[in-house]
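In what follows, a single structure is set out as structure tokens and then discussed.
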Amino acid sequence: MLNIENNISSTQQIISLEGALCGIEALQFRDEVTSIIVIREGQLSLDLTNVDHIDLTGFNSIVMLKKEAIKRDINLLLVANRAHPIHQYIHLSKLSFHCVNRQTA
């Protein structure tokens, strides 16, 4: 199950995901991307630290989020620890993402 937490301030929005970003839930997340982004300018952070599994559908939903952020002129920042599978997807796709490595406790 995928849990989505959305924290919003005037110039920053943090979307924190927890669980598995794959299959049907990733498709639902992708379909909700346009309504999830609520800031008009500033930075959008997608915290993947607590995502324990991601598949190609999940990665595609992140790509859709990036495209929507670009369209709205919002900077997208991915947050994940160094061992997170998202880094491998980014490397294989050769797409450009701004990533921040979060240390695990």
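The values are calculated or read from the model by the stated rules, or taken from the named source; none is laboratory data. Since the model is a prediction, treat every value here as computed from it, not as a measurement. Methodologically, a virtual Cβ is constructed for each residue, glycine included, from the backbone with ideal geometry; neighbour enumeration extends over all protein chains shown.
Based on what the data block shows, is VAL33 hydrophobic (A, V, I, L, M, F, W, C) and at pLDDT 90 or above? No.
Just one of the listed residues (ARG102, ARG82) is at pLDDT below 90, exposed (fewer than 13 other Cβ atoms within 10 Å of the Cβ) and either of a type in the set (Ser, Thr, Tyr) or at negative phi (or both), namely ARG82. The residue that is surrounded by the most Cβ atoms within 10 Å (Cβ to Cβ), counting only those in the range 1-34 that are more than 12 Å from the chain's Cα centre (by Cα) and charged (D, E, K, R), is GLU25.
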